[in-house]
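Q: My questions will all concern the structure given below.
The values are calculated or read from the model by the stated rules, or taken from the named source; none is laboratory data. Predicted model, so just to flag it, every value in this text is computed and none were measured. Here Cβ is always computed from backbone atoms with ideal geometry, including for glycine, and neighbour counts include all displayed protein chains.
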Amino acid sequence: MNPFTQQRILDGDLDAYGEVVREHQDMVLGYALRRLNDWTLAEEVVQLTFIRAYQRLAEFRAEEEFGVWLCVTCKYLILTELEKKRREANNLTNYREQLEVEVASALTEDLEPDVPADQLARLWECVGKLGREASDLVALRYFNKRSCKEIAEQKQRTVSWVTTTLNRIRKTLRGCMESSFETGGAS
């Protein structure tokens, strides 16, 4: 970028910056796509790159190549996003494990006190096999004691969808339990 264009942008000429963005956006998007392999995330990082570049434009030195400067900015944003994704995945794994414990505990609270330990273990394993959405619904209904109406509002679904889905989940758990009893262990 030449010093004249840089100064126009620093003086508040957004049209000049728009021209710079259009000139470099395909190159930066290609750079981000090669590293992330995720179109949506790459577009998001590219937007953040141009915002960050605008905020720090006064730091850009005319003897540098602007495209390289943008890619370096993009690189650090990509690293930040990848670390964020890694942390989210770890948190989700930890959440899922905790949710399974809580759901199993909540489901067993309503059972007779003399329910055999092996039956509780089988129920626990069956709950662990549920998908994320199913586990969330079971936790909301049986652990958090939420009504179907409250769950429907939270999930932005109909009450009918919640009740139908919970019925299907209960059938799935019942089938899993029956199968585990037939085979002598959890299936």
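Q: Does R61 satisfy the condition of being of a type in the set (K, R) and within 24 Å of K85 (Cβ to Cβ)? Outline the logic, then answer.
A: Working: of a type in the set (K, R): yes; within 24 Å of K85 (Cβ to Cβ): no.
Considered against the rule, which asks whether it is of a type in the set (K, R) and within 24 Å of K85 (Cβ to Cβ), R61 comes out as no.
Q: Filter segment 43-87 down to the residues that are among the acidic types (D, E) and either more than 16 Å from P3 (Cβ to Cβ) or at pLDDT 95 or above (or both) and list them by number. Even if it seems obvious, please write down each step before you answer.
A: Within segment 43-87, the subset among the acidic types (D, E) is 43-44, 59, 63-65, 81, 83.
Within segment 43-87, E43, E44, E81, E83 meet the criteria.
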